[in-house]
Amino acid sequence: MRAVLSRWVDPFVVTLLVVLVLGLVLPVGPGAQRVVDAVADVAVTVLFLVYGMRLSTREVWAGLRNWRLQGGILAATYVVFPVLGIVTAWAVEPLVGAPLAAGVLYLSLLPSTVQSSVAFTSVARGNVAGAICGATVSNVAGMVVTPLLVLWLMTGADGGADAPSGGLGGLRTVLLQLLLPFVVGQLVQPWVGDWIRARRWLTLGVDRGTILVVVFGAVAAATSAGVWSSVSGWSVVALLVVSALVLAVMLALTWWGGAALRLSTEDRVALLMCGSKKSLATGLPMAAVLFPVAVAGVVAVPVIVFHQLQLVVCAVLARRLALRD
């Protein structure tokens with residue numbers, strides 16, 4: 001029974017849901033909230049510093065030679081997905097409300113995942129090297145592309161509550177808190193990269209610890225501000241349905257798009273796994289930088305829902321694709 005559950009349930013996502021509940025029910029005063037926010041800011045900076053130290057530049061350049069696969073992954077992540085996100089957010093706003101619809105749009109602007117994309121590509125007997133490169137390039141590009149897309153598509157002329165905080169000031173914050181640590185990490189990567197990559201527990205702990213701190217701070221702030229009064233059980237069910245539809249569309253487009261690009265089956269698997277996913281690890285910390293704290297909590301809900309769904313669905317698809325002749 002435990003083995004079956006481990007295949008279908010991600011323990012980290014369960015922990016994440018527990019933290020969400022704690023943020024909903026635990027009272028957090030203004031002083032404690034400031035401490036949580038400060039810890040979250042430091043954790044986010046450390047997270048992207050570790051990203052820079054962990055990613056090997058050599059792997060990126062080696063994978064760039066497969067330009068059709070890499071172009072397909074980038075197009076799916078930053079062109080097709082955002083267009084689908086714009087249409088979906090517009091369509092579901094009457095059902096779930098403007099804040100959650102903004103979260104759906106934000107989800108569509110995020111980079112792809114790294115670990116799960118590569119892992120599922122390996123399970124499905126796909127092009128693992130291409131997946132590593134595609135997911136890495138997607139995340140590196142996302143340091144700049146995602147904030148720019150958010151500032152372009154989600155900043156209303158009236159400066160509404162769902163707009164990123166600070167306009168160009170928000171971009172400066174991203175550059176200082178996300179991109180600068182990443183660049184510093186890349187500069188020291190030749191000396192510390194092997195050491196960091198050999199200690200997966202360290203990167204995993206920083207990765208997941210940052211998410212938990214950011215989620216708790218965002219949800220607790222949203223609770224104090226009364227934001228969750230707009231998130232009903234019906235809204236969560238609607239988000240599940242919407243996420244399933246969006247995921248199904250992206251899986252179909254990446255799989256048959258790979259055929260249209262005349263990719264090999266192994267490359268189509270890599271495109272399927274990388275082009276249909278969105279990164280929780282990058283999305284939640286970035287939301288804490290791009291949005292006001294209270295708004296970030298609601299924006300995070302579609303990201304969390306979609307992440308869990310993509311893990312379950314792609315795990316099933318990977319096992320099915322592994323059985324092909």
Filtering region 1-38 down to residues that are among the β-branched types (Val, Ile, Thr), open to solvent by 40 Å² or more (accessible area, probe 1.4 Å) and either under 14 Å from Asp207 (Cβ atoms) or at pLDDT 75 or above (or both) yields Val14, Thr15, Val18, Val21, Val25, Val35
The helices (runs of 4 or more DSSP H) lying entirely within region 215-325 that contain at least 2 residues which are under 15 Å from the mean Cα position of the chain (by Cα), surrounded by fewer than 21 Cβ atoms within 10 Å (Cβ to Cβ) and modelled with pLDDT under 90 are 293-322
Test: residue in region 187-200 that is under 21 Å from Pro11 (Cβ atoms) and either open to solvent by 70 Å² or more (accessible area, probe 1.4 Å) or under 21 Å from the mean Cα position of the chain (by Cα) (or both):
yes
Of (1) more than 20 Å from the chain's Cα centre (by Cα); (2) at pLDDT 80 or above; (3) of a type in the set (Asp, Glu), Asp41 fails just (1)
Does Thr45 satisfy being of a type in the set (Val, Ile, Thr), within 19 Å of Phe182 (Cβ to Cβ) and outside any helix (DSSP H, G or I)? no
Taking region 202-214 and keeping only residues that are open to solvent by less than 10 Å² (accessible area, probe 1.4 Å) and modelled with pLDDT under 75, one is left with Ile211
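The values are calculated or read from the model by the stated rules, or taken from the named source; none is laboratory data. None of the values given here were measured: they were computed from a predicted structure. Here Cβ is always computed from backbone atoms with ideal geometry, including for glycine, and neighbour counts include all displayed protein chains. In case anyone asks, the SASA skips ligands and DNA or RNA and just uses the protein heavy atoms, side chains included. Shrake-Rupley method; radii C 1.70, N 1.55, O 1.52, S 1.80 Å.
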